[in-house]
Amino acid sequence: MILDRLDVTPEELERQTGWELKPEGLCKEARCVPLPAAATTDGRVDVRAVAERLGMPLVHDDRYDLWALGPESTDRVLESAELPPIRLADVDGRPFDLSSLRGEKVLIAAWASW
Amino acid sequence: MSLPVWRQLRSELHPEGLEIVTVALDLEVDAARSWIERSGAEHPQLVDTAHKLDELLGIVNVPTAVWVDEDGMIVRPPHAASVERYDWSKLKAPEGLPEDIDRHVRDMLEQVKRIPRFDADHYVAALRDWVEKGAASEFALTPDEVVRRSASRPSSVAEAEAEFELGQHLHHAGHVDDARPHFRAAHRLQPENWTYKRNAWELVSPGLQGPSEHYDGDWLTDIKAAGAERYYAPLDF
């Protein structure tokens, strides 16, 4: 998740990382991680606190003053067998959501020109 | 290139209930465009200019496939998809290359020939079996087994993904030079990720992915260090 400031709305955080802000903390599927109350101010969430609580890397580019918040460390990239939400575009920029293929078997084939 | 094979397989298996989605892990859409436009494929052909599939699925090289059933459940996590029937032992360096390039290309081909190749006929037979039998196919894994076989994401890999994301963001914003330190950091943090390395090398050394002032490694040096026989994880079918 690319950031130009270190606080985000809960909606943006959830859209980009899948972690939802609830009264009990940050939640994803069945898991909730408590977040200190001080980490939320005026409807925005402190990204440093999120990164620390969830074990996410936060890297910075000094020249452009941008951050990238990476995914949480985990024993398994696939924490369940359910295909995560994947939305990509074709060569003309038309978006395509892989979940639109429910009902068919799907083979995803990653390749590259290089 | 595997696109024509996917197109052929799709025309055969789509009536049986299989859709194929090809995803090009290419920072530059235009690098993938001509391959895609020439493929004549009727299935979705997407481009992942941020290599998000690496993070979402645990992909580290191409070609890699993932099988997903009708309910959106993965039944085969990322694996080296071998569908090409190509005689790699017959690969030869083109004639007329300058001497230093010729030597480099010959060394690369020597490594290419050492990369283990899996049996395409066996792979395609397994795919047909799953398309026909679904969960009853011996090649469809249970959810627990899919999770068990999934790659791990230690903090170094998570950080590599953040660095690559920052790098691709700057690259796409036109800051090509300023993207490179972030790509280099991603390479250092997750050396086993060939998609991060090869795409970055290709942009500074097209065709050869050779040594440059911008990156610490290059394809030939890195594959020698890693061992060509470990370029792809063994296909466990």
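No value in this document is a laboratory result; all are computed from the given coordinates. This is a predicted model, so every value here is computed, not measured. FYI the Cβ positions are ideal-geometry reconstructions off the backbone, even for glycines, and counts take in every protein chain you see.
Each residue of the stretch B:145-160 is assigned a 3J(HN,Hα), and the resulting list reads 5, 4, 5, 4, 7, 5, 5, 8, 10, x, 4, 5, 6, 4, 5, 4 Hz, derived from the Karplus form 6.51 cos²θ - 1.76 cosθ + 1.60 (θ = phi - 60°), x at Gly and Pro. Residues within the reach of a label modelled at residue B:156 (point 7 angstrom out along Cα to beta-carbon, backbone nitrogen below 18 Å), restricted to the stretch A:72-111, are A:72-77. Subtracting the Cα-Cα distance of residue B:172 and residue B:230 from their residue separation scaled by 0.36 nm leaves 17.7 nm. For chain A, the relative contact order is 19 percent, taking Cα pairs closer than 8 Å that sit 6 or more residues apart in sequence and dividing their mean separation by the residue count.
Computed over the alpha-carbon pairs of chain B, the distance histogram in 10 Å steps reads 7, 28, 36, 23, 6, 0 percent, short to long.
Is there a simple number for the mean count of other chain Cβ atoms within 10 Å of the Cβ of residues in B:27-37, and what is it?
Rounded to a whole number, the mean comes out at 3.
Other protein chain C-beta atoms within 10 Å of residue C-beta, averaged over B:149-161: 6. Note on the stretch A:55-114 and the stretch B:144-199: Cα centroid distance 12 Å, given to the nearest whole angstrom.
Compare the Cα positions of A:55, A:99, A:70 along the charge dipole of chain A (+1 at Cβ of Lys, Arg; -1 at Cβ of Asp, Glu; about the Cα centre) and return the one farthest towards the positive end. Toward the positive end, the furthest listed residue is A:99. The calculated FRET efficiency for the pair residue B:133 and residue B:84, based on their C-beta separation and a Förster distance of 30 Å, comes to about 0.75. Once the convex hull of all Cα atoms in the stretch B:105-218 is built, its volume per residue stands at 156 Å³.
Dimensions of chain A based on its C-alpha atoms, expressed as ranges along the principal axes with the largest first, amount to 46, 39, 27 Å. Rounded to the nearest 20 debye, the dipole size of the stretch B:1-123 about its Cα centre is 380 debye, using +1 on the Cβ of Lys and Arg and -1 on the Cβ of Asp and Glu. Using a ≥ b ≥ c from the Cα gyration tensor of the protein assembly as shown (square roots of the eigenvalues), is it rounded, prolate or oblate, where a/c under 1.5 gives rounded and otherwise the larger of a/b and b/c decides, a/b for prolate? Oblate. Projecting the Cα atoms of B:63, B:86, B:97 onto the charge dipole of the stretch B:37-106 (Cβ charges, centred on the Cα centre) puts B:97 farthest toward the positive pole.
Compute the angle between helix B:194-204 and the longest alpha-carbon principal axis of chain B, please, reported from 0 to 90 degrees and rounded to the nearest 10. Roughly 40 degrees between the two axes. Partner lysines whose Cα lies under 18 Å from the Cα of residue B:52, excluding those fewer than 8 positions away in the same chain, are identified as B:197.
Modelled label positions at residue B:188 and residue B:119, each set 7 Å beyond Cα in the direction of Cβ, lie 4.5 nm from each other.
Over the whole of B:62-73, what's the average partner chain Cβ count within 10 Å per residue? Rounded to a whole number, please.
6
Quick note on the stretch B:20-139: its Rg to Rh ratio, both from C-alpha atoms and Rh being the Kirkwood radius, is 1.03.
Computed from the C-beta positions of residue A:80 and residue B:30 and an R0 of 30 Å, the FRET efficiency is 0.25 to the nearest 0.05. Extension gain, residue A:48-residue A:31: 0.36 nm per intervening residue step, less the Cα-Cα distance, totals 4.1 nm. Summary of packing: across the peptides A:97-104, B:77-84, the per-residue average of other C-beta atoms within 10 Å ranks them, highest first, as B:77-84, A:97-104. Please report the spacing between the Cα centers of the stretch B:22-74 and the stretch B:86-125 in Å, no decimals. Each part reduced to its Cα centre gives a spacing of 24 Å. Shown here for the stretch B:1-105: trypsin sites (Lys or Arg not before Pro) in loop regions (DSSP other than H, G, I, E, B) with at most 10 other Cβ atoms within 10 Å, namely B:92. Indicate the gyration tensor shape class of the stretch B:113-163 (rounded, prolate or oblate), computed on the Cα atoms with a ≥ b ≥ c the square roots of the eigenvalues: a/c under 1.5 is rounded; otherwise a/b larger than b/c is prolate and the rest oblate. Because a/c hits 1.5 or more and a/b fails to exceed b/c, the stretch B:113-163 counts as oblate.
Assuming charge only on the beta carbon of Lys and Arg (+1) and of Asp and Glu (-1), the dipole of chain B about its Cα centre is about 480 debye to the nearest 20.
Largest mean-square fluctuation among B:222, B:48, B:102, in a Gaussian network model of chain B whose springs join Cα atoms under 10 Å apart, belongs to B:102. Overall, the protein assembly as shown carries a charge dipole of about 620 debye about its Cα centre when +1 sits on the Cβ of Lys and Arg and -1 on the Cβ of Asp and Glu, all other atoms neutral.
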